[in-house]
Amino acid sequence: MKPKRILSAVIAFAISVTALTSCGSTSHPDLYAYDEDAPSLYEAFSQWFKVGTAMNTSDLVEGSEEMEILIKQYNVFTLENESKPDAMHPSEDVYNFDALDKLVEFANEYDKTVRGHVLVWHSQCPDWFFYDDDGNTVSADVLVERMKEHITTIVSHYKGEVDVWDVVNETLGDNGGLRDSMWYQIIGDYDGDGDKYDYIEIAFTTAHEADPDARLIINDYNLEWSEDRTITMYMMVKSMLEEGIPIDGIGLQMHIDIDFDVETCKNNVEILMKLKEIDPDFVIEITELDLSCFSWSDQSTEVELTDEFVEMFDSLYSDIFEMFIEFSEAGYLDSVVMWGYNDGSTWLNSYPVSGRTNHPLLIDEDYKLKSAYWSLIDLAQAKSS
Ligand code: G3I
């Protein structure tokens, strides 16, 4: 055992004895996420849903604290950047399977689930898809063939190994309606039926042909608070499901902040879950959860973690997971994935304000369990008793 671990095990023991003897105390042991005595987040919620995280293959070093945290705390994994089109298919004839192969190998060894993120997206997608050798935009036929080849090659490679795919990501624009991406512009109304969802339809149909057992998700942001985006997504998916397009669920990214409103989210999820009238197995997944300590319009780089702030933050996390339990009990949800597992490496330390120190996750930058983590463990215990 590493010295840091021996120390924390001793502290944990001492604190748990203190907690037991100090009647009514809600204090929790001061533990690292990899400690043997630490609870497991995914085990705590296993009766309702899986709990996962985004990560990088550099975390998968046998015996490292990072890998021990992943094994202990989560049972669903997705690569933060290494399975995006620019990483997996940087030029027409080059596929890089190494990173996702490594995650699949890890998942098989430790009995975990893999989410593939992402097949079709406007961002982190190389230009070669959209242009010919002379720099001219390719035709709809060429782009459809390139997209089919891309999806078929990747999904077939992982048939039976990657359980869930984000087939298309962020199809909605910021100003309502479909995003005006190159996929949308070039492929357009390919089948001439009047709608312009065709690149999405072809993507899902192709992925389903390559692995009929994989769960296929359409993933997007701000669905948890914007009713306009929710209704646009609902109408689009409804129309595609009615045409028989094999979409299994909608991913709510849930990059949220301290102004998050649980009731608005519940209302929007109820709208989306009307899709169960068409497909009773239709689900939502929470795909990229993090809870920024800053309101969206706040430009500051630091937040003061006063007792009052931390209490508010922890109780919001607890309310959010209580909402997830409700979704699970209603048959809506079986997977919650966090966008990262520690505050030290979250993308929110550089977005939308560079040089910011954010604290949006459940494990701190030193890999200590935060009080927000314990509020979730308490919630799971209270709900299961
Ligand atoms: O790897 C290079 C490094 O070599 C270079 O020195 C450095 C300088 O900027 O950049 C590094 O690449 C960065 C990459 O993350 C890896 O850290 C990119 O600049 C940066 O843009 C990229 O950001 C990622 C972002 O997607 C890009 O859109 C974030 O890590 C990743 O968390 C984020 O994830 C997205 C989901 O895929 C979709 N939903 C939103 C979510 C958050 O934006």
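Top mean-square fluctuation among 342, 222, 267, Gaussian network model of the chain, C-alpha springs under 10 Å?
The residue with the greatest mean-square fluctuation here is 267.
On a 0 to 90° scale, report how tilted helix 371-384 is relative to the longest principal axis of the chain, with both axes built from alpha carbons and the result rounded to the nearest 10.
Value to nearest ten degrees: 90.
Once the whole set of protein chains is in place, how much accessible area is left on residue 168, using a 1.4 Å probe, in Å² to the nearest 10?
Residue 168 exposes around 0 Å² with every protein chain in place.
Nearest 10 degrees, 0 to 90: what angle lies between the long axis of helix 307-329 and the longest principal axis of the chain (Cα atoms)?
Relative to the chain, helix 307-329 is tipped by roughly 60 degrees.
Please state the charge dipole magnitude for region 29-117, taken about the Cα centre, from unit charges on C-beta atoms (+1 on K and R, -1 on D and E), reported in debye and rounded to the nearest 20.
460
Most mobile of 373, 351, 34 per a Gaussian network model of the chain (Cα springs, under 10 Å)?
351
Could you tell me which residue out of 210, 351, 54 lies farthest along the dipole of the chain toward its positive end? Charges go on the beta carbon: Lys and Arg +1, Asp and Glu -1, centred on the Cα centre.
Highest projection toward the positive end goes to 54.
Take the alpha-carbon centre of region 95-150, take the same for region 204-251, and report the distance between them in whole Å.
18
Taking θ as phi - 60°, what are the ³J(HN,Hα) couplings along region 36-41 by the Karplus curve (6.51, -1.76, 1.60), each to the nearest whole Hz, with x for Gly and Pro?
Coupling constants for region 36-41: 4, 7, 5, x, 10, 4 Hz.
Taking 8 Å as the Cα distance limit and 6 or more residues as the minimum spacing, I'd like the relative contact order of the chain as a percentage.
15
Using a probe radius of 1.4 Å on heavy atoms only, what accessible surface per residue do you get for the chain? Whole Å² is fine.
For the chain, the solvent-accessible area averages 43 Å² per residue.
Among the trypsin sites (Lys or Arg not before Pro) within region 251-337, which fall in a DSSP loop and have no more than 16 other Cβ atoms within 10 Å of their own Cβ?
Those that pass, being in a loop and sparsely packed, number zero.
Name the most mobile residue of 175, 219, 81, meaning the one with the largest mean-square fluctuation, in a Gaussian network model of the chain with Cα contacts below 10 Å.
So, out of 175, 219, 81, the one fluctuating most is 175.
Quick one: with all protein chains in place, what share of the accessible area of the chain is carbon or sulfur, to the nearest percent (1.4 Å probe)?
Carbon and sulfur together cover 48 percent of it.
If you line up the long axis of helix 140-157 against the longest principal axis of the chain, both from Cα atoms, how many degrees apart are they, to the nearest 10?
40
I want the antiparallel fraction of DSSP beta bridges within the chain, as a percent rounded to 5.
15
Within the chain, what's the longest run with no GluC sites (Glu not before Pro) in a DSSP loop and at most 14 other beta-carbon atoms within 10 Å? Give the range, please.
93-242
When averaged across all projection directions, what area in nm² does the alpha-carbon convex hull of the chain cover?
Orientation-averaged projected area of the Cα hull: 20.1 nm².
Can you bin every Cα-Cα distance in region 211-370 into 10 Å intervals starting at zero and give me the percent of pairs per bin, rounded to whole numbers?
P(r) over region 211-370, rounded to whole percents: 10, 37, 31, 17, 5, 0.
Short version: what are the Cα gyration tensor semi-axes of region 339-385, square root of 5 times each eigenvalue, largest first, in whole Å?
They are 26, 10, 7 Å, listed largest first.
Largest first and in whole Å, give the semi-axes of region 234-313's equivalent ellipsoid, each being the square root of 5 times a Cα gyration tensor eigenvalue.
The equivalent ellipsoid of region 234-313 has semi-axes of 35, 12, 10 Å.
The values are calculated or read from the model by the stated rules, or taken from the named source; none is laboratory data. Since the structure is predicted, the reported quantities are computational estimates derived from the model, not experimental observations. Here Cβ is always computed from backbone atoms with ideal geometry, including for glycine, and neighbour counts include all displayed protein chains. Only protein heavy atoms, including side chains, enter the accessible area calculation; ligands, DNA and RNA are left aside. Shrake-Rupley method; radii C 1.70, N 1.55, O 1.52, S 1.80 Å.
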